[in-house]
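A short worksheet on the structure shown next.
The values are calculated or read from the model by the stated rules, or taken from the named source; none is laboratory data. Being a predicted model, the structure only gives us computed values, none of them experimental. Virtual Cβ from ideal backbone geometry, glycine too; neighbours counted across all protein chains shown. Accessible surface areas use protein heavy atoms only, side chains included; no ligands, DNA or RNA. Shrake-Rupley method; radii C 1.70, N 1.55, O 1.52, S 1.80 Å.
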Amino acid sequence: MTSNDDILRALGRVEGRLTGIEENVALLRNEVGDEKANAHDFSAVIHKRLDEQARQIAHLDTRIAVSDGADALIREEIRTLKETVEKNQEAAGLALEEWKRMKSIGYGISGLIAFAGLTIGGMVAYASDGAVAALRHWLKIN
């Protein structure tokens, strides 16, 4: 049989081990509590970032929808301007042809006037010698 001293010694060892276990459990609880608080803070940060991402995505969707509408308006405006320019080019083409015709007629008239001037100038130069001689004879200047 075991004595009371042996039993008390064994109980003391068990009690010491239980005290150590209780301390370890307390330390684990503290660490788990800290981890839990950190996990909660981390989760809050993640949720905040997710909310921000959702807000940005919604904002981008709105901007894309507005951009699509603006693009459609711009395309329609370009199509209208293109049609207007084509009509104006057709109308201006007729006027341009008329101006070209008038310009060529003007060149012809200018050429005729220049030719007539040269002809008259040549005739005056040719006749001037005879005119001077006739004038001297008429005035009796030798």
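Say we look at the stretch 7-59 and pick out the residues that are open to solvent by 90 Å² or more (accessible area, probe 1.4 Å) and of a type in the set (Val, Ile, Thr); which of these is nearest to the chain's Cα centre (by Cα)?
Out of the qualifying residues, it is 57.
The conditions are (1) part of a helix (DSSP H, G or I); (2) modelled with pLDDT under 85, and residue 142 fails exactly one of them. Which is it?
Looking at each condition in turn, residue 142 falls short on (1).
So which residues in the stretch 127-142 are surrounded by 10 or more Cβ atoms within 10 Å (Cβ to Cβ) and not hydrophobic (A, V, I, L, M, F, W, C), if there are any at all?
Across the stretch 127-142, the qualifying residues are 128, 136, 137.
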